[in-house]
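Asks: I have a structure here, written as structure tokens, and I will follow up with some questions on it.
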Amino acid sequence: MFTLNLIPSTPITFSKSTHQYFPIKRIQTPKNLAESPVFLTKSTPLNFNKIHACPFGKIQALSTKTTHLGKILENPSRKAGSRVPKAAASSESNPEGEAETVEAAAAAKSKAKTLQLALVFGFWYFQNIVFNIYNKKALNVFPFPWLLASFQLFAGSIWMLVLWSLKLQPCPKITKPFIIALLGPALFHTIGHISACVSFSKVAVSFTHVIKSSEPVFSVVFSSFLGDTYPLKVWLSILPIVLGCSLAAITEVSFNFQGLWGALISNVGFVLRNIYSKRSLQNFKEVNGLNLYGWISIISLFYLFPVAVLVEGSQWVQGYQQAIQTVGKASTFYIWVLLSGIFYHLYNQSSYQALDEISPLTFSVGNTMKRVVVIVSTVLVFRNPVRPLNALGSGIAILGTFLYSQATAKKVSAPEKKS
């Protein structure tokens, strides 16, 4: 029972508190009054300042304490002064549930990452296999690698222009210094691409890829001349590459010196492209790999096509007629050439996207396995005869490439850990 002495001579007693959780028992209105007194109506608050000059602070403090008491009675688990909702309080009291939720989210994220990685590698391998098969088919009936290599660069250039015009890929800002910086990498890319196409036209695809697996040897040698240092295990890792490539070359059924030299020069071109790109494009790191490769393809086309016309342009018409007679249908030949051009760009595009998504070590291992998949696929498609020693040499070269990727990845990661 709360008793308020509002008027000393007339105490008013309420049966319950005035707080909202303890409603006031409405006072009976006298019959001679048409309505309740104004100060007892619900819509009009009590103004205690006008009741015999009673201090308002004391009554307000009493009302505040009563309100606070009501809130505590309504929610005993809630601490005084706390504004945390019931859901938050219950979650704090159950940390095991939160841990299980975090673990489930991490597991789902890991599965999504694994699936994405599998798709990236799957598309990369598939596109590379399709390119190698249809590129070889076109070269078998139309042995003019300079024109075919030019068309592949042309297809890639058109592809990138479409992506930029439709805003499916952000177009980089083109400046004169940027174009000048690309001239060197594009030149070496042109050398690497045309040399590989010449090799494909002379020997089996599998043999070209075995020789191209020796690219790390040229990378270590040229980088060392330019001042880079490598630990002993990197140098040791390139020995099986040299041994395996030599054994594969000696026992290759379709051996041809032009094919061998084409693959070796291709390695030199691509290694110099990578080295030169790191040095000349330091100030253009905002350009992503896909856009960089697109502009390299465009500039390489201007390098290659005029030379292609001079080297073999006079033979194209006659070679085209013979290719149509050999294939039987012109549409079939067109499809082979078109697929080789489209998938040449797509597999390079996928390789750049894969490099953006995964670590350099994973990319190197994936690139090594890509050569294995391409070699096996082309041997099965074209039924190239493979001698046991040739297979052994190819396996040793691929193993050396894998060991090299492991050794160089550790060399790169060591300074990062120290920093």
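Asks: Holding the Cα-Cα limit at 18 Å, pick out from Lys136/Lys212; Lys212/Lys370; Lys173/Lys285; Lys176/Lys285; Lys137/Lys202; Lys233/Lys278 the pairs that are longer than that. Write out the running numbers ahead of the final one.
Replies: On the way: Lys136/Lys212 16 Å; Lys212/Lys370 12 Å; Lys173/Lys285 12 Å; Lys176/Lys285 16 Å; Lys137/Lys202 12 Å; Lys233/Lys278 24 Å.
Where the Cα-Cα span goes over 18 Å, the pairs concerned are Lys233/Lys278.
Asks: What are the ³J(HN,Hα) couplings of the range 273-282, residue after residue, when phi is run through the Karplus curve with 6.51, -1.76, 1.60 and θ = phi - 60°? Round to Hz, x for glycine and proline.
Replies: Whole-Hz 3J(HN,Hα) from phi for the range 273-282: 4, 5, 5, 5, 5, 5, 8, 8, 10, 5.
Asks: Of Ala330, Ser351, Leu264, which is farthest along the charge dipole of the range 124-410 in the positive direction, counting Lys and Arg as +1 and Asp and Glu as -1 at C-beta?
Replies: Ser351
Asks: Let me ask you something else. Using the alpha carbons of the range 112-240, what is the convex hull volume per residue in cubic angstrom, as a whole number?
Replies: Details: hull volume 24.9 nm³, N = 129.
Spelled out: Cα convex hull of the range 112-240, divided by residues, is 193 Å³.
Asks: Separate question: Once you have the Cα-Cα distance between Phe255 and Asn140, take 0.36 nm times their residue separation minus that, and quote the gain in nm to one decimal. Intermediate values should be presented prior to the final figure.
Replies: On the way: separation 115, 0.36 × 115 = 41.40 nm, distance 1.59 nm.
Taking Phe255 through Asn140 to full extension adds about 39.8 nm, to one decimal.
Asks: If packing is taken as the average number of other Cβ atoms within 10 Å across a peptide's residues, how do 384-396, 312-324, 203-215, 258-270 rank, most packed first?
Replies: In descending order of packing, they fall as 203-215, 258-270, 384-396, 312-324.
Asks: With every protein chain present, what accessible area does Phe284 have (1.4 Å probe, heavy atoms only), rounded to the nearest 10 Å²?
Replies: 40
Asks: With the Cα gyration tensor of the range 158-316 in hand, give its eigenvalues times 5 under a square root as the equivalent ellipsoid semi-axes, listed largest first in whole angstrom. Intermediate values should be presented prior to the final figure.
Replies: Details: eigenvalues 183, 107, 34 Å².
So the three semi-axes of the range 158-316 are 30, 23, 13 Å.
Asks: Out of all Cα-Cα pairs in the range 124-410, roughly what percent, to the nearest whole number, are more than 35 Å apart? Kindly include the intermediate steps, with their values, before the conclusion.
Replies: Working: 6698 of 41041 pairs.
Counting every Cα pair in the range 124-410, those more than 35 Å apart make up 16 percent.
Asks: What net charge do the residues around Asn135 carry, taking every other residue with its C-beta under 15 Å from that of Asn135, with Lys and Arg at +1 and Asp and Glu at -1? Present the calculation step by step, with values, prior to reporting the outcome.
Replies: On the way: positive: Lys136, Lys137, Lys202, Lys212; negative: none.
That sum, taken over residues with Cβ under 15 Å, equals +4.
Asks: Of the listed peptides 111-119, 370-378, what is their order by residue-averaged count of other C-beta atoms within 10 Å, with the highest listed first?
Replies: Details: 111-119: 11.1, 370-378: 19.1.
Per-residue Cβ counts within 10 Å, averaged per peptide and sorted highest first, yield 370-378, 111-119.
Asks: Taking θ = phi - 60°, what integer Hz values does the Karplus form 6.51 cos²θ - 1.76 cosθ + 1.60 yield along the range 180-197, in sequence order, with x for Gly and Pro?
Replies: Once rounded to whole Hz, the list reads 5, 5, 7, 4, x, x, 5, 5, 5, 5, 4, 4, x, 6, 5, 5, 5, 5.
Asks: Carbon and sulfur atoms: what percent of the 1.4 Å accessible area of the range 184-306 do they account for? If you can, show how the numbers build up before the last one.
Replies: Details: 3650 of 5220 Å².
Looking at the range 184-306 in its full context, I get 70 percent from C and S.
Asks: Using Cα pairs under 8 angstrom and six or more residues apart, how large is the relative contact order of the range 124-410, in percent? Write out the running numbers ahead of the final one.
Replies: Details: 368 pairs, mean separation 119.6, N = 287.
Once normalised by length, the contact order is 42 percent.
Asks: Say a paramagnetic label sat at a point 7 Å from the Cα of Leu392, along Cα to Cβ; which residues of the range 198-233 have their backbone N under 19 Å from it?
Replies: 207, 210-211
Asks: Which number do you get for Rg(Cα) / (2.2 N^0.38 Å) in the range 223-340?
Replies: Numbers: Rg = 20.2 Å, N = 118, 2.2 N^0.38 = 13.5 Å.
In units of the 2.2 N^0.38 Å rule of thumb, it is 1.50.
Asks: What does the accessible area per residue of the range 124-410 come to in Å², with a 1.4 Å probe and no ligands, DNA or RNA counted? Present the calculation step by step, with values, prior to reporting the outcome.
Replies: Values: 13550 Å² over 287 residues.
Per-residue value: 47 Å².
Asks: Quick one: 3J(HN,Hα) in Hz for the range 240-253, Karplus 6.51/-1.76/1.60 with θ = phi - 60°, rounded, Gly and Pro as x.
Replies: Result, rounded to whole Hz: x, 5, 4, 4, x, 5, 5, 5, 5, 5, 5, 9, 6, 5.
The values are calculated or read from the model by the stated rules, or taken from the named source; none is laboratory data. Quick caveat: nothing in here was measured; it's all calculated off a predicted structure. Note: ideal-geometry Cβ built from the backbone for every residue, glycine included; neighbour counts use all protein chains shown. The accessibility values were calculated without ligands, DNA or RNA, using every heavy atom of the protein model including side chains. Shrake-Rupley method; radii C 1.70, N 1.55, O 1.52, S 1.80 Å.
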